[in-house]
Ligand SMILES: [Zn+2]
C-alpha cells in the first residue's frame, strides 16, 4: 500500500499541470491522502496553528464563550450524516470577520466574526458551511490540488521532524485565506442549509449574515478573509434561497434564531 501511495504521489507530482483538473483530483485524492493521512496531517496543522500564537492568537478571555462555540459546532456536526469524523472548534482572538476549516475536521472562527453575527443561526450558518468544506473533502482536495505534493510526501514518509515542521509551515501560510472554487463554495452553502435545518437551527441565518456583509461591504468587498467576494454575496444569497425553498422542515424566517441566547454570549466576548 505504501508503495502504491508513493507511486501515486510521484505520478501526481510529475503531472501537476494536468492534475489541476478538479475531476482528476477528485478521483486520485483519496489514494494520495487517505482518511488516515488526512487526520494525521490535519492534527499536525492544528497543533501548528495552536502553537503559532503570533499569527493565530487563541481566544482565552471567557470560557463560556469557548464552550458555546465548541458545543454549537459539535451539535451541528453531529446532525449531519455525510462524514463521520471528529470535529474541533476554536476561536482566534482577532478582529477579522473570518472563519476557516483545515483538513482533519478542525474549524477556526475569529472573534471579529462572533462580534458581528446577530444571533445563533447566523453563527451556525458559518460553522455549518465550514463543516461542509470538511465533509465534502474540499480542504483535503485543495491540499492535493495545490500540489504541495512534495511537502505532503515529506510529512507522510519523512523521519526528519525539522523538515516535517518546515513543510507544515509552508502549507499553513495561507490557511486562513484559502480559496475554494465557486462550485465548492456553493456546495458548502448547500451543506450549511441541510446541516442547520437538521440541527433545528434556522437555515436563513447564513443568508441574513451574507446580507449584512453585502450591505456593509458590497459584492466587490475588500475584506481580506475567506468571505471576500468569491462567489459574490448576492449570488450566494440567491443560490441558498433556492436550496432553502427545496428543503423540507425549514421553519419561518424568525423561528429557531436563538437570538437572546446569543446576545448573552456576545456580551461576554
Ligand atoms: Zn467556504
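General remarks:
- If you filter segment 118-154 down to residues that are more than 12 Å from the ligand (Cβ to nearest atom) and not in a helix (DSSP H, G or I), you find that the one that is modelled with the lowest pLDDT is 147.
- Residue check for residue 83: at pLDDT 90 or above, in contact with a helix residue (DSSP H, G or I) (Cβ under 7 Å, 6 or more places away or on another chain), part of a helix (DSSP H, G or I) and surrounded by fewer than 21 Cβ atoms within 10 Å (Cβ to Cβ): no
- Selection count where residues are part of a helix (DSSP H, G or I) and either away from the ligand (no atom under 15 Å from the Cβ) or surrounded by fewer than 21 Cβ atoms within 10 Å (Cβ to Cβ) (or both), scope segment 86-117: 5
- Each residue in segment 49-80 was checked for being crowded, with 18+ Cβ neighbours inside 10 Å and in a helix (DSSP H, G or I), and 8 pass.
- Conditions (1) over 20 Å from residue 239 (Cβ atoms); (2) modelled with pLDDT of 85 or more; number of the one not met by residue 194: (1)
- Failed item, numbered, when residue 234 is tested on (1) at pLDDT below 85; (2) surrounded by fewer than 18 Cβ atoms within 10 Å (Cβ to Cβ): (1)
The values are calculated or read from the model by the stated rules, or taken from the named source; none is laboratory data. For clarity, every value in this text was computed on a predicted model and none was experimentally measured. Neighbour counts run over all protein chains shown; Cβ positions are idealised from the backbone, glycine included.
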